[in-house]
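See structure below.
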Amino acid sequence: GILDRMLTMDRKEEALAKKLNLQFCRIVPGDTDDSKEILDILGEHAVEVFDELLPEGAFVVAVAGGSTMLAMAQHMTTELSEQRHFTFVPARGGLGDLMAIQANSVSDSMAQATGGSNTALFVPDDLSEEALNLLKNEPSILQTMNLMKQANCLLYSIGSAKVMMERRKMPAELKAILVEKQAVGEAFGCYFDDKGRIVHRLSRFGLQIEDVAAIPYAIAIAGGSSKANAIQAYSHIAPEHTWLVTDEGAANSILKGI
Ligand code: G3H
């Protein structure tokens, strides 16, 4: 069971899990900020943890975007599907210009790698209320949103607020507001400060931060000393059953007190 697997944490991992009030932490050597190779290793370990956490069965896996998620997708294989069946669904629409790191692309890559199926969500991540209301009954969007609601597994990263503001080309006025409100991190379209208080929420299709609590298998993958702040801040919002895969860069900063 999950408790047996928790015993595989070493001392530092246990200390981190305790400090962040999370059920399980895995710490990969190195600092993702230093090289792509460490990010790749983080992705590899995330797949191992995913394999350890998930029992046999059928899973609807909601998948976020970003370079960390892409690194994870690159390590998935059909071995994961030996006793399982996967249906992947992107947890959000598109943002920025890099196609490989869109939730849509990551979700499709994971489906291809594991022999599972994929459902797409063709919509920009950030929409006006009007556009959101107009589109919400479009059959293809409705179908994906319904599948997303059935997700029993979730794979996502935690973004640094600054990086995510740039990636989504946020208007300067809004960036200034978020800086003033001291946003340090972003997840599921919510920007939060170091106490985990949500200071800005985008109107968008996709999984909401409140949905995470009801998803039994949830893994957050985020590393790099530059994300230490964001990870610690997010831990105030994260449900306790969250499993975190991180690296020494982030873990050491969090443990010594940022
Ligand atoms: O959706 C983006 C993630 O939260 C962070 O992206 O893995 O490229 O840092 P990243």
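Laboratory data are not the source of any read-out in this text; all were calculated from the coordinates shown. Computed from a predicted structure; not experimentally measured. Counting neighbours? That spans all protein chains shown, and the Cβs are built from the backbone with ideal geometry, glycine included.
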Residue identified as within 11 Å of the ligand (Cβ to nearest atom), among the aliphatic types (A, V, I, L, M) and touching a Ser or Thr at 6+ places or on another chain (Cβ under 8 Å) among 228, 161, 250, 222: 222
Search result, residues across segment 164-188 that are within 15 Å of the ligand (Cβ to nearest atom) and either closer than 28 Å to residue 60 by Cα or in a loop (DSSP other than H, G, I, E, B) (or both): 164, 167, 168, 169, 170, 183, 184, 185, 186, 187, 188
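When segment 206-228 is examined, which residues are found to be out of contact with any strand residue (DSSP E or B) (no Cβ under 7 Å at 6 or more places or on another chain) and not acidic (Asp, Glu)? Before the answer, list the steps.
The first filter runs over segment 206-228 and keeps only residues out of contact with any strand residue (DSSP E or B) (no Cβ under 7 Å at 6 or more places or on another chain), leaving 208, 210-211, 213-214, 216, 225, 228.
Hits for segment 206-228 are 208, 213, 214, 216, 225, 228.
Would you mind stating whether residue 74 is within 16 Å of the ligand (Cβ to nearest atom) and more than 21 Å from residue 187 (Cβ to Cβ)?
yes
Give 234, 191 a once-over and let me know the one that is outside any helix (DSSP H, G or I), within 13 Å of the ligand (Cβ to nearest atom) and of a type outside the set (A, V, I, L, M). Give the derivation first.
Details: 234 fails: outside any helix (DSSP H, G or I).
After applying the criteria, what remains is 191.
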Residues that are buried (at least 16 other Cβ atoms within 10 Å of the Cβ) and in contact (Cβ under 8 Å) with a residue 24 or more places away in the chain, drawn from segment 199-210: 200, 202, 204, 205, 206, 207, 209
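Of all the residues that make up segment 126-147, how many are closer than 18 Å to residue 109 by Cβ and either buried (at least 22 other Cβ atoms within 10 Å of the Cβ) or among the hydroxyl-bearing types (Ser, Thr, Tyr) (or both)?
The first filter runs over segment 126-147 and keeps only residues closer than 18 Å to residue 109 by Cβ, leaving 144, 147.
Those left that are additionally either buried (at least 22 other Cβ atoms within 10 Å of the Cβ) or among the hydroxyl-bearing types (Ser, Thr, Tyr) (or both): 144.
Residues in segment 126-147 being closer than 18 Å to residue 109 by Cβ and either buried (at least 22 other Cβ atoms within 10 Å of the Cβ) or among the hydroxyl-bearing types (Ser, Thr, Tyr) (or both): 1 in total.
Taking segment 79-108 only, how many residues are surrounded by fewer than 17 Cβ atoms within 10 Å (Cβ to Cβ), closer than 19 Å to residue 150 by Cβ and either under 15 Å from the mean Cα position of the chain (by Cα) or within 15 Å of the ligand (Cβ to nearest atom) (or both)? Don't jump to the end; show me each part of the working.
Going residue by residue through segment 79-108, those that are surrounded by fewer than 17 Cβ atoms within 10 Å (Cβ to Cβ) are 79, 81-83, 85, 96-100.
From what's left, closer than 19 Å to residue 150 by Cβ: 81, 85.
The next check asks that each one be either under 15 Å from the mean Cα position of the chain (by Cα) or within 15 Å of the ligand (Cβ to nearest atom) (or both); those that pass are none.
Going through segment 79-108 one residue at a time, the tally reaches 0.
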Members of segment 109-125 that are surrounded by fewer than 19 Cβ atoms within 10 Å (Cβ to Cβ) and within 16 Å of the ligand (Cβ to nearest atom): 124
Tally, over segment 214-258, of residues that are more than 17 Å from residue 53 (Cβ to Cβ) and either out of contact with any Lys or Arg (no Cβ under 6 Å at 6 or more places or on another chain) or surrounded by fewer than 24 Cβ atoms within 10 Å (Cβ to Cβ) (or both): 26
